[in-house]
Amino acid sequence: MATKKNKYAGKPAPRAQRPVTVGKSTNKNLNNPLPDIGNKPYLGWLALALILTLLALFPSFSAGWVNWDDEVNVLENMPVQNFDIYKIFTSHVIGNYNPLTIFTFALEWKFFQNNPFPYHFNNIVLHLACTALVFILSKRLGANNWVAFIITCLFGFQPMRVESVTWITERKDVLYGVFYLSALAIYAKNGLRSTGKTIAMLILMTLSCLSKIQAVSLPLSMLAIDYLRAGKWSLKDLISKWAFFAVALITGLIGIYFLAQKGSLSVMNDETNYNMIQRLVIGVFTFIIYLVKSIIPYRMSPLYPYPGEFPAYFYLAIIPFVALIGGVYYFRKKIPKEIIFGLLFFTVNVMFMLQVLGAGQGFLADRFTYIGYYGLFFAFGYIIFRWIERYPTNTGMIKGVAYASLAVFWFMTNSQTKIWHDSEALWTHVMKYYKNTSLPFWNRANAYRDLNRTEEALKDYSEAIRLEPKKIGLYNSRGKLFFTLKQFDKAEQDYIKGLQVDSTDSELWVNLAATKASQNDLQSALKYVNKGIKLKPDNAQAYKIRFILYLNTNQDDLALKDAEKLVELGLREADMYYERALIYKKKNLTQKAMDDLNTSIQIGGPNAPIYYHQRASMYEAAGNASAAQQDTKMANELEQAARNK
């Protein structure tokens, strides 16, 4: 492609526009002249691709939150809400170490709280930046303006893009993509001939890896570009990228450490019970499905659950897989290197995500193709270009088919984006394809519960339990709904059923304790909550319930110890500080009581008037009448505002 005779770029640029390679490259494969990417020839094509992408994804702007990891990443993530940068960069979220992504959520939360619009807006902006970088990268790899436009449109609004862009949680895809594609764009132009540019690429790779672990494939993508340049590799190509491989290795080890902590590696905790041969077959099957879906994006779903029994037809994927590998190897001298590059780029960017070792809730995920599909789209662009070159009299028809395909993709993407509007729409869509697994019913039930659509929620919970009666989380969720409805006997029954399946679940014991406490059986409640704490010593909810139990049984010293533990665990609730202030007040620890009241008022909440009244009484007891009067006035104003709502 970017060779002295650049077939893919169409007619050579006029002499005045041809760039000159500056300096001597340390990589002999990068001494060829680079194609022109001046600011005049391509801005119109790029602008059109970006506009079409924006319009295809426009329904994202009106989407809300979904109960598919948005809670744990943002809505219930205390380091995000407390802007705790240290915690963000030293901990994982459900096994994923992507602190830079979580940091962007913390910034958004600081200014916009739980308003979903800014989060969706920023996801789209980042995706548009990735789309623009794809155009620039394609030009630097030899594509002419029209072919670069086709590649860019495919990247921008092929339907498999939707999950990465419209799902707030998948900020990590579009964020790591910006840094990843920026590094590749630099490499495509400069190689590693410049120390400054190499350092810039290493920084970009580090930022990309901190956004999503999938960025470890960057040095392999660079090797794919080397192959595109020269049609072969040298040992020098590999050695020159040692620093990038080092970053990838460190990132990979960190990722494995956090996944192991969470228990998300199949070698440690595999609920599917598939053996290693079967897991390898799953990887092969997934690889072939991703290839097919790049052309025919059928049955797109946010969830592709593992089948209960290993399907025999999965083994059939070995046939096209072996045929592909064998065909590429046998015809490697005849297949254009642009096509081999596309396959290489795709492979190195999806191979770590083929769920051979992972044991998540699904064996496929549209989002895993976000960067990898660039290689296939590049190959498609090359094939279209060669068809036009070979059959010039059919140029109009070939371009017409290309435009028609883009139109179909555009409408599919626009439609697919709408399923992410809210949790109900999301899980109802999943049920179109997967009615025999509990997860979509479970999550839709949670959505109905949050919307106070109780009957629909109970119906979905019951259906989920029917499908998977040994999943303890289902009993826990339905039990919590019964608890909210004050149907404590039914809640207790569900918690006990769950414990009959697994008596080592801390949360079930703690929730059973809360149910017993609500029935005024405080002794049983205390016994059960202690079991929960023994099973999980860092269970903040357990300490919170025991703190309340100690308060209600006048065990103030024990309550103070649990309050201290809650603060240590990062719980920042106004009521807890208020109750502790009352204990300190009883013990005549006036300054500590005042400090806790100040914290309660700072946190705020619906009980803020009570905090102000209590502080007013303490000011009055201390002889500070003006401060007491001011707090009383504030409490009265807050009470009046609450009545006026």
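The values are calculated or read from the model by the stated rules, or taken from the named source; none is laboratory data. Model, not experiment: these values are computed from the prediction. With ideal geometry, Cβ positions are generated from the backbone for all residues, glycine too; neighbour counts draw on all protein chains shown. In case anyone asks, the SASA skips ligands and DNA or RNA and just uses the protein heavy atoms, side chains included. Shrake-Rupley method; radii C 1.70, N 1.55, O 1.52, S 1.80 Å.
So the values come out like this:
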item: In segment 563-601, the trypsin sites (Lys or Arg not before Pro) that fall in loop regions by DSSP, at most 16 other Cβ within 10 Å; result: R572, K587
item: In nm, spacing of pseudo-spin labels at K561 and S91 (7 Å Cα→C-beta vector); result: 2.4 nm
item: Förster-model FRET efficiency, 25 Å R0, A312 and R466, C-beta, rounded to 0.05; result: 0.40
item: Per-residue HN-Hα couplings for segment 281-289 [Karplus 6.51, -1.76, 1.60; θ = phi - 60°; Hz; x = Gly/Pro]; result: 5, 4, x, 5, 4, 4, 4, 5, 4
item: Debye equation applied to the C-alpha atoms of segment 510-645, log10 I(q)/I(0) at 0.11, 0.21, 0.22 Å⁻¹; result: -0.46, -1.16, -1.21
item: Viscosity 0.890 mPa s, 25 °C: Kirkwood-radius Stokes-Einstein D of segment 166-309 over Cα pairs, µm²/s; result: 139 µm²/s
item: Burial ranking of peptide ranges 56-63, 474-481 (average Cβ count within 10 Å, highest at the top); result: 474-481, 56-63
item: Peptides ranked, highest mean first, by Cβ atoms within 10 Å: ranges 488-495, 437-444, 614-621; result: 437-444, 488-495, 614-621
item: Candidate aspartates and glutamates - alpha carbon under 16 Å from K544, same-chain residues fewer than 8 apart omitted; result: E507, D556, D557, D562, E564, E568, E573, D575, E579
item: Spread of Cα-to-Cα distances over 10 Å intervals beginning at zero, given as percent, for segment 436-486; result: 31, 58, 10, 0
item: Whole-Å distance, taken between Cα centres, linking segment 438-499 and segment 359-431; result: 38 Å
item: Estimated vicinal HN-Hα couplings, Hz - segment 547-555 in sequence order (Karplus 6.51, -1.76, 1.60; Gly, Pro = x); result: 4, 5, 4, 5, 4, 6, 10, 6, 9
item: Accessible-area order (highest first, 1.4 angstrom probe) of the listed residues Y584, Y461, Y329; result: Y329, Y584, Y461
item: Calculated P(r) of segment 277-406 - Cα pairs past 21 Å, %; result: 48 percent
item: Principal axis box of segment 326-471, alpha-carbon based, largest edge first, Å; result: 64, 37, 20
item: Segment 525-645, relative contact order [Cα under 8 Å, separation at least 6], %; result: 15 percent
item: Length added when fully stretched, L522-Y330, from 0.36 nm per residue minus Cα-Cα; result: 61.6 nm
item: Folded to 0 to 90 degrees: helix 337-350 orientation relative to the chain principal axis, Cα; result: 10 degrees
item: Per-residue [θ]222 nm for the chain (sum of -39500 (n - 2.57) over DSSP H runs n ≥ 4, rounded to 500); result: -21000 deg cm²/dmol
item: Computed E for V408/I203 - FRET, C-beta separation, R0 30 angstrom, nearest 0.05; result: 0.15
item: Residues F83 and N636, FRET efficiency given R0 of 45 Å [Cβ-Cβ distance, rounded to 0.05]; result: 0.90
item: Mean accessible surface per residue for the chain, computed with a 1.4 Å probe while every protein chain stays in place, in Å²; result: 47 Å²
item: Computed label-point distance, nm, for sites S234 and L485 using a 7 Å Cα→Cβ extension; result: 7.3 nm
item: Packing-based order for 228-236, 141-149, 107-115, using average beta carbon neighbours within 10 Å, highest first; result: 141-149, 228-236, 107-115
item: 3J(HN,Hα) from dihedral phi, segment 471-480, Karplus parametrisation 6.51/-1.76/1.60, rounded to Hz, x for glycine, proline; result: 8, 5, x, 5, 5, 4, 5, 5, x, 5
item: Rounded to the nearest 20 debye, dipole of the chain from Cβ charges on Lys, Arg, Asp, Glu; result: 3360 debye
item: Percent carbon-and-sulfur accessible area, the chain, ignoring ligands, DNA and RNA, probe 1.4 Å; result: 60 percent
item: Inter-label distance, nm, simple model (7 Å from Cα along the C-beta direction), I277/V401; result: 4.2 nm
